[in-house]
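All remarks here apply to the structure that follows.
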Amino acid sequence: MRAWIQERLGGPLALRDVPEPAPGPGEVLVQVEAVGLNSADHLMRLGGYLTRVHPPFTPGMELVGRVEGKRYAALLPHGALAEKVALPREHLLPVPESLSPEEAAAYPVSFLTAYLALRQAQARPGEWVLVQAAAGALGTAAVQVAREMGLRVVAAASSASKLALPQALGADEVASYEALPEKVRALGGVDLVLEVRGKAVEESLGFLKPQGRLVYIGAAEGEVAPIPPLRLMRKNLAVLGFWLAPLLRERGLVEDALAFLLPRLGRELRPVVGKVVPFLEAETAFQALLDRGHTGKVVVRL
Ligand code: NDP
């Protein structure tokens, strides 16, 4: 079978013929149909992710595929960009029938993160949440999940054209990054921020009402601004860090999230697929992540 291999950190991907994986005890063999790409995959290829993986390895942590004829999604530490993958049966996630394979590959990371991050921040119905980078994969999921939780949403993105998407998904207010301070001031501040930009973190703290909470999820801008403790004291603010990977081991949390998400996926919640790239052009898919031109999720299709 064929798999994309990262042979050295920072280098290109190589398509190689490799032996088909043999499932061990408790494992299943997945015939991969589509892979959702994440910036974590890109960082892993550079050696800059939270966990360092030594080459050679196959990138990709989110897939949809068939096991014994039935379609499942799955999350794995890496290894998804291959025709077949062996993984523990307990890693399989259900896929609502109304989702296409591409949509199904776009749901696990973004929707679990959106739900669990809002849960971690103890989001309450009626509160205002600011979703940064709201036209991205996580942003489009977060806008929808927040609305379903009864929150009111301000969606921010870098351009007016990108803002049409969160608006269509039900955001109550939208603003470009430049217009955001005025928009938030007019609302009297926000209760929560889902922060994924990085450099914007100090500005985001300024948007919070007293006792507001900021969830630090990512740094799409590539740079992380420091968080000044005095700023937190003055308004009794809380900053929470969020990383999905270790939470996946907490079955109760994942089951709670799936109980919320699965009945709504394909109905009130729809993963946004911004770009589909054929398997043989996987490197193009990574380039799309960096170009910042797409909205929603980049999916590699087998
Ligand atoms: P996407 O690639 O879909 O979106 C990223 C968004 O970030 C873009 O839409 C873009 O929106 C914005 N952005 C700002 N600066 C840049 C830049 N220099 N290059 C590219 N995009 C930029 O990613 P996701 O939505 O999947 O993820 C968003 C962030 O959240 C990432 O940093 C990711 O690593 C992180 N994440 C963290 C998780 C965790 O467990 N902690 C789980 C999932 C995601 P715009 O042009 O409007 O600014």
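Descriptive notes on the structure:
- Spatially proximal lysines relative to Lys162 (Cα-Cα < 22 Å; intrachain offsets below 8 disregarded): Lys183, Lys199, Lys275, Lys297
- Inter-label distance, nm, simple model (7 Å from Cα along the C-beta direction), Ala259/Ala86: 3.5
- Extension gain, Gln167 back to Glu283 (0.36 nm per residue minus Cα-Cα distance, nm): 38.7 nm
- Per residue solvent-accessible surface (Å²) - the chain, probe of 1.4 Å: 44
- Charging the Cβ of each Asp and Glu at -1 and of each Lys and Arg at +1, and nothing else, the dipole of the chain about its Cα centre rounds to 520 debye.
- The simple Förster model, with R0 at 22 Å and r as the Cβ-Cβ distance, assigns Asn236 and Lys199 a FRET efficiency of 0.35.
- Between the beta carbons of Glu97 and Glu268, assuming R0 = 22 Å, the FRET efficiency works out to 0.90 to the nearest 0.05.
- Accessible surface of the stretch 187-267, 1.4 Å probe, proportion on carbon and sulfur as whole %: 56
- Residue-wise HN-Hα couplings along the stretch 268-284, as the Karplus relation 6.51 cos²θ - 1.76 cosθ + 1.60 with θ = phi - 60° gives them from phi, are 6, 10, 10, x, 9, 9, x, 7, 10, 10, x, 3, 5, 10, 3, 4, 4 Hz; Gly and Pro carry x.
- Using alpha carbons only: equivalent-ellipsoid semi-axes of the chain, gyration tensor based, whole Å: 33, 20, 18
- The chain: calculated mean residue ellipticity at 222 nm from DSSP helix runs of at least 4, using -39500 (n - 2.57): -8500 deg cm²/dmol
- The stretch 91-170 and the stretch 257-294: distance between their alpha carbon centers, rounded to Å: 12
- Cα→Cβ-extended label distance, 7 Å offset, between Leu29 and Ala179, nm: 5.5
- Listed residues Ala200, Leu302, Val184: farthest to the positive end of the dipole of the chain (Cβ charges): Val184
- Spin-label pair Ile227/Ala14, simplified geometry with 7 Å Cα→Cβ offset, distance in nm: 4.2
- Cross-link partners of Lys235 among lysines, defined as those whose alpha carbon lies under 17 angstrom from its own and excluding same-chain residues fewer than eight positions apart: Lys209.
- Computed over the Cα atoms of the stretch 205-282, the ratio of the radius of gyration to the Kirkwood radius (Rg/Rh) comes to 1.09.
- Projecting the Cα atoms of Leu289, Leu15, Val239 onto the dipole axis of the chain, where Lys and Arg carry +1 and Asp and Glu carry -1 at the beta carbon, places Val239 farthest toward the positive end.
- P(r) tail, the stretch 1-133: Cα-Cα pairs separated by more than 23 Å, 40% of all pairs.
- Where GluC sites (Glu not before Pro) fall in DSSP loop in the stretch 1-109, at most 10 other Cβ within 10 Å: Glu68, Glu97
- The stretch 246-302: trypsin sites (Lys or Arg not before Pro) falling in loop per DSSP and having at most 11 other Cβ within 10 Å: Arg249, Arg267
- Bridgeable aspartates and glutamates around Lys70 (alpha carbons under 14 Å apart, same-chain partners fewer than 8 residues away excluded): Glu33, Glu97.
The values are calculated or read from the model by the stated rules, or taken from the named source; none is laboratory data. Since we're looking at a predicted model, the values are computed, not measured. Cβ: placed from backbone, ideal geometry, glycine included. Neighbour counts: every protein chain shown. We work out accessible area using only protein heavy atoms, side chains counted, and drop any ligands, DNA or RNA first. Shrake-Rupley method; radii C 1.70, N 1.55, O 1.52, S 1.80 Å.
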